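Asks: Below is the structure I would like to discuss, written out as structure tokens.
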Amino acid sequence: MGSVLTLEFTIEPFVAGRPGPHVLEAVAAAEALGAEVDFGPFGSSCTVPRARAGRIAEAVITTAFAHGATHVALSATEVDTDDRPVP
């Protein structure tokens, strides 16, 4: 239990239906590190091994700001082997 984390991130500025390079490049950076990103309309998420979560979070944040982001909200939730949040 607790060997994986779900990272959820929202990158601004937000333009409905038109994610800019600040969003697309940040997602690509996470994917380049092996994360399978679930790209959503208001935010994105990925579930990754705890040992790689920090590196992936850093890549999302630094890449987003390097491409024009004004704000990045990122949260991490520990999940168990059944992919349920740990109480």
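The values are calculated or read from the model by the stated rules, or taken from the named source; none is laboratory data. All of these numbers come straight from a predicted model, not from anything done at the bench. Note that we place each Cβ from the backbone using ideal geometry, even for glycine, and neighbour counts take in every protein chain shown.
Asks: Contact list please: Cβ distance under 8 Å, first residue in region 7-35 and within 12 Å of R55 (Cα to Cα), second residue among the β-branched types (V, I, T) and in a strand (DSSP E or B), pairs at least six apart or on different chains.
Replies: Sorted first by the residue in region 7-35, then by its partner, the pairs are L7/T47; L7/V48; G34/V48; A35/V48.
Asks: Checking the condition outside any strand (DSSP E or B) and modelled with pLDDT of 95 or more, which residue from F9, F14, F65, F42 passes?
Replies: Checking each option against the conditions leaves just F65.
Asks: Limited to region 45-55, what total is found for residues that are touching a residue at least 40 places away in the same chain (Cβ under 8 Å), in a helix (DSSP H, G or I) and more than 9 Å from L7 (Cα to Cα)?
Replies: Number of matching residues: 1.
Asks: Could you check region 47-84 and list, in sequence order, the residues that are hydrophobic (A, V, I, L, M, F, W, C), under 22 Å from A16 (Cβ atoms) and surrounded by 13 or more Cβ atoms within 10 Å (Cβ to Cβ)?
Replies: Correct list: V60, A64, F65, A69, V72, L74.
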